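Participant: Structure provided below as structure tokens; questions to follow.
No lab work stands behind these numbers, since they all come straight from the coordinates. Quick caveat: nothing in here was measured; it's all calculated off a predicted structure. Cβ placement follows ideal geometry from the backbone for every residue including glycine, while neighbour counts extend to all protein chains displayed.
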Amino acid sequence: MARSDRIAEPWGTRTPYGPGEEWPARVDMYLADGLTEQDVDSWHQTASVLHSNGDAMDIAVKDGSIVGVRGREVDRVNHGRLGPKDLFGWQANNSPDRLTKPLIRRDGELVETDWDTAMDAVAGRTKELLAERGPSSIGFYTTGQLFLEEYYTLALIGHGGIGTNHMDGNTRLCTATAAAALKESFGSDGQPGSYTDVDHADVIALFGHNMAETQTVLWTRILDRLAGPNPPQVICVDPRETEVARHATVHLAPRPGTNVMLMNGLLHEIVENGWVDHDYLDRYTVGFDELKKMLADYPPEVAAEVCDVPVEELRRAAHVLGHAERLLSTVLQGFYQSHQATAAAVQVNNLNIIRGKLGKPGCGVLQMNGQPTAQNTRECGADGDMAGFRNWSNEEHVKSLAKVWNIDYHQIPHYSAPTHLMQMMRYAEDGSIRFLYVSGTNPAVSLPELGRIREILKQERLFLVVQDIFLTETAQLADVVLPAATWGEKTGTFTNVDRTVHLSEKAVEPPGEARADLDIFIDYARRVGLEDKDGEPLVKWTDAEGAFEGWKECTRGRPVDYTGMSYAKLRGGSGIQWPCNDEHPDGTERIYADGQFWSAPDYCESYGRDMVTGAPVSPVEYKALNPDGKAVIKAAEYLPPHELPTEDYPFLLTTGRTLYHFHTRTKTARAPQLQRAAPEVWVEMAASEAEARDWHEGDLLEVSTPRGKVEARLRISGIRPGVLFLPFHYGYWDRPGGHEPDGELGRAANELTITDWDPVSKQPLFKSATAQVRRLGADGEPSAAPTTTASRPARPVDADVPTTRGGPDAEVEERAGQGATSTGGGR
């Protein structure tokens, strides 16, 4: 048994292992106030909801309160390990400023009320608008942190009951491109790879994916491979010197907005040298000839010049990728939130496809998610997709869903593509959407061009409902605020990036009158009077397990098949990967083995879109292109970003995350260890840029774009020259429970970002703004940015920067596992 400061050492102690070996177990545990395992009254099974990795853990309860967590050794995802947000983030549940009673706006102020008054106001306004303006006046915007059962119920209410096309999740901000890229290449959502591919890969390529901070336990798995015999080579594509970059065989730091050019340069080199699997291409793919023709215009020299990377390093990366026997590729926000997002992510798919590296141990693609339950919004249709990975453009799919829901299929809106969030905001801005129901998300901080977003949300004609656990910046603007229960206070399931489904058991009661989101949605449906075609309640279930059983029937025969799962099967052991059915009763570790794709024209979830315009491919066109249901190789030409540096705005601004916070800090700012590690916003700049201006660590800077200004202290870091970085987590708050007055807020990175989105995935482009920067003052105080992550100071620096440490209350127990753990798709 050992103890370590898991703020200072986020990834914990190394347990090296070699290729093809089982990842050794290590059980991490943190209990508050000096408690021991013997002091705990009860343990309750769950998994993390503060990142997308799906780390399984048990919640410790004493005297009716959560007092800590312990990793689940038997789980296939983490083998007992936990990251800092897992270990300390649960403290938000116990925060004294939790919402405990409904609030309603009276005379301009939010005041406490009872549930009947609040819900009658919400349902009453819904019914008024349905009668006056129809379903298109109503919109729903949800999160990536609720449970599967809640998303499915919400999708049923919105699509099947209200009949609105205006439904999306904040997964639009983090994972929309993941889904879009998978649909373009494989005809359906669903990750081809598995976390166990880390155990086998000889090359791991991370494209715009700072895994060390966004999925700390998965990065721990890679660190343990790197510490063992025959370690994999690592390729990193990122403009910052992340921890991934520091461990990389090759680090490419391209100019932001040039990802498609970079990928085309890499693919050109691989194709030109014949490092492709022609047998695989001939048997299982369509479109390679078109790709090869386009790549002729993208030799490495051209790509290197446009991307501003050394051509020798680009060729070196291509050589590593082209000679990999077992290649695992991962993608995240550096591609998803940047210019030509889907086109770039699709080229990563193309890399594995043309090399024939799919469906085998060590060979896979993980188009990563940013949120813990983002996969479920897509599966269930709460983000505008169609429940069960059905195809909006296939009338038979719409009819099959209507049969499951027992409604007329005309009632399900399928006359056009579902409305994505940024378009919903435009509809609210012009007054066609008059009711917006926001659950579990904080758009007043997380959306681009926040000044505009605040004005939209504050409109008197917009009836804004916010369902959350704290009085967030968005809730402060609402007409009705509904207090929700959160993780640990309700039961449900959720699915991580590699299709692993976990059960989360209720451990404690929610505070005050707070209710589970599922219960609130069911109550809403009842008060609005939503019924099926037999006059029975549209929502048939009354609890989470009933909703899960309803969901299983919705998935029958679809790619995302849950029919072989049950709460009983998920309880006590490891999470299980879908598809799980009669054919695969223990789950499925990898999909697309032996070229078996879900892309047949009558089965696929999407026919795809044009990479430049986003225009949908028609069913006839798709059938002509891919009659036999193969993988689709799609070429993409490079286009310059929409906003380019000028004399007035010479820098490129990119936003992102830090290891210690999640989204807008609604939860993590209330965990003392996490908040102390990254207490305030900062701005990163390259050493050469700072030296040219005689600026120093900790100088107070003003970063501005045509849309707003942010004040932050300077961190001189390993970022590439010409680029500024701001973490996006910081909103109005000086501290949890308080907020600054209206006006220039000066902290939120999204004051600066542009209203623009990818034409295919409709994901906003948070990494494509141009900016200027000026110094406001120099007092010698260093930035509070963490020194343990990508924001580590460049050396040498001319200030004494304190090392990020957690201290005694961040010490975590680590102990070796007791036995073998499951590494397959089963339990």
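Participant: Give me the net charge for the shell around Arg590: Cβ to Cβ below 10 angstrom, other residues only, Lys and Arg +1, Asp and Glu -1.
Facilitator: Result for the local shell: -1.
Participant: I've got another one for you. Just how far, in whole angstrom, is segment 507-538 from segment 343-403 if you go by their alpha carbon centroids?
Facilitator: 29
Participant: Within 10 Å, count the other beta carbons around each residue, average over each peptide in 130-136, 337-343, and list them highest first.
Facilitator: Values: 130-136: 14.1, 337-343: 28.3.
With the highest mean Cβ count within 10 Å placed first, the list reads 337-343, 130-136.
Participant: Another question, if that's okay. Does segment 121-236 classify as rounded, prolate or oblate by the C-alpha gyration tensor (a ≥ b ≥ c root eigenvalues; a/c under 1.5 gives rounded; else a/b over b/c gives prolate, otherwise oblate)? Let's see the in-between values first.
Facilitator: Details: a/c = 3.75, a/b = 3.00, b/c = 1.25.
Prolate, since a/c reaches 1.5 and a/b exceeds b/c.
Participant: While we're here: What 222 nm value per residue comes from the helices of the chain, counting each DSSP H run with n ≥ 4 as -39,500 (n - 2.57) and dividing by all residues, nearest 500 deg cm²/dmol? It would help to have the intermediate numbers written out before the result.
Facilitator: Numbers: 25 runs with 217 residues, N = 827.
For the chain, the value works out to -7500 deg cm²/dmol.
Participant: Also, quick follow-up: Given Cα pairs under 8 Å that are at least 6 residues apart, what percent is the relative contact order of segment 651-794?
Facilitator: It rounds to 35 percent for segment 651-794.
Participant: For Glu128 and Asp534 in one chain, what is 0.36 nm times their gap in residues minus the Cα-Cα distance, to one decimal in nm? Working shown, then result.
Facilitator: Numbers: separation 406, 0.36 × 406 = 146.16 nm, distance 2.38 nm.
Here the answer is 143.8 nm.
Participant: Which order do the peptides 208-221, 756-769 take when ranked by the mean count of other beta-carbon atoms within 10 Å per residue, highest first? Walk me through the numbers on the way to the answer.
Facilitator: Details: 208-221: 26.2, 756-769: 24.4.
Packing proxy ranking, top to bottom: 208-221, 756-769.
Participant: State the extension gain, in nm to one decimal, for the chain segment bounded by Trp115 and Asp594, taking 0.36 nm per residue of separation less the distance between their alpha-carbons.
Facilitator: Extra length available between Trp115 and Asp594 comes to 167.0 nm.
Participant: Cut-off under 20 Å on the C-alpha distance; same-chain residues fewer than 8 positions from Lys623 excluded. Which aspartates and glutamates are left, in chain and number order?
Facilitator: Within the straight-line limit of under 20 Å, Lys623 reaches these aspartates and glutamates: Glu184, Asp189, Asp282, Asp289, Glu290, Glu395, Glu396, Asp602, Glu605, Asp610.
Participant: What is the sum of charges around Thr342, taking Lys and Arg as +1, Asp and Glu as -1, for the other residues whose C-beta is under 12 Å from the C-beta of Thr342? Mind dumping the intermediate values first?
Facilitator: Details: positive: Lys183, Arg609, Lys634, Lys762; negative: Glu184, Asp610, Asp758.
So the surrounding residues net to +1.
Participant: Here's a follow-up. Relative contact order (percent) for the chain, with alpha-carbon contacts under 8 angstrom and 6 or more residues of separation? Mind dumping the intermediate values first?
Facilitator: Numbers: 2075 pairs, mean separation 172.5, N = 827.
21 percent.
Participant: Based on DSSP, what percent of beta bridges with both residues in the chain are antiparallel, to the nearest 5? Can you show the working numbers first?
Facilitator: Numbers: 55 of 102 bridges.
Close to 55 percent.
Participant: If you don't mind, there's one more thing I want to ask. Could you sort out which of Lys62/Lys540; Lys533/Lys762; Lys127/Lys506; Lys85/Lys357; Lys403/Lys667; Lys490/Lys569 sit more than 29 Å apart by Cα distance in this structure?
Facilitator: Lys62/Lys540; Lys533/Lys762; Lys127/Lys506; Lys85/Lys357; Lys403/Lys667
Participant: Quick one: which of 52-64, 275-287 comes out on top by average Cβ neighbours within 10 Å, and what's the full order, highest first? Before the final figure, lay out each step's value.
Facilitator: Numbers: 52-64: 23.0, 275-287: 16.2.
By packing density, highest mean first, the sequence is 52-64, 275-287.
Participant: Using only Cα atoms, locate the centre of segment 239-309 and the centre of segment 204-225, then give the distance between them in Å, rounded to an integer.
Facilitator: Result: 21 Å between the Cα centres.
Participant: Another question about this same structure. Starting from 0.36 nm per residue, how many nanometres of slack lie between Arg106 and Thr542 once their C-alpha separation is accounted for? Kindly include the intermediate steps, with their values, before the conclusion.
Facilitator: Details: separation 436, 0.36 × 436 = 156.96 nm, distance 3.21 nm.
Fully extending the segment from Arg106 to Thr542 adds 153.8 nm.
Participant: In terms of the Cα gyration tensor, with a ≥ b ≥ c the square roots of its eigenvalues, is segment 482-546 rounded because a/c is under 1.5, prolate because a/b exceeds b/c, or oblate? It would help to have the intermediate numbers written out before the result.
Facilitator: On the way: a/c = 2.74, a/b = 1.37, b/c = 2.00.
It comes out oblate by the Cα gyration axes.
Participant: Another question, then. If you put +1 on each Lys and Arg Cβ and -1 on each Asp and Glu Cβ, how big is the dipole of the chain around its Cα centre, in Debye rounded to 20? Write out the running numbers ahead of the final one.
Facilitator: Details: 83 positive and 120 negative charges, 99 e Å.
The calculated dipole for the chain is roughly 480 debye.
Participant: Based on the Cβ-Cβ distance of Glu460 and Asn94, what FRET efficiency does E = 1/(1 + (r/R0)^6) give at R0 = 41 Å, to the nearest 0.05? Display every interim value, and only then the final one.
Facilitator: Details: r = 37 Å, r/R0 = 0.89.
Given R0 = 41 Å and the Cβ-Cβ separation, E is 0.65.
Participant: Follow-up. In the neighborhood of Lys357, defined by Cβ-to-Cβ distances under 15 Å, what is the net charge if each Lys or Arg adds +1 and each Asp or Glu adds -1? Intermediate results must be reported in sequence, preceding the final value.
Facilitator: Numbers: positive: Arg283, Arg326, Arg355, Lys360, Arg590; negative: Asp197, Asp202, Asp277, Asp279, Glu325, Asp594.
For residues surrounding Lys357, the net value is -1.
Participant: Within segment 158-199, which residues have the backbone N less than 14 Å from the label spot 7 Å out from Tyr415 along Cα→beta-carbon, could you tell me?
Facilitator: Residues passing the 14 Å test: 163-166.
Participant: Mind giving me the nanometre distance, one decimal, between the label points for Ala778 and Leu625, set 7 Å out from Cα along Cα→Cβ?
Facilitator: That separation, rounded to one decimal, is 5.5 nm.
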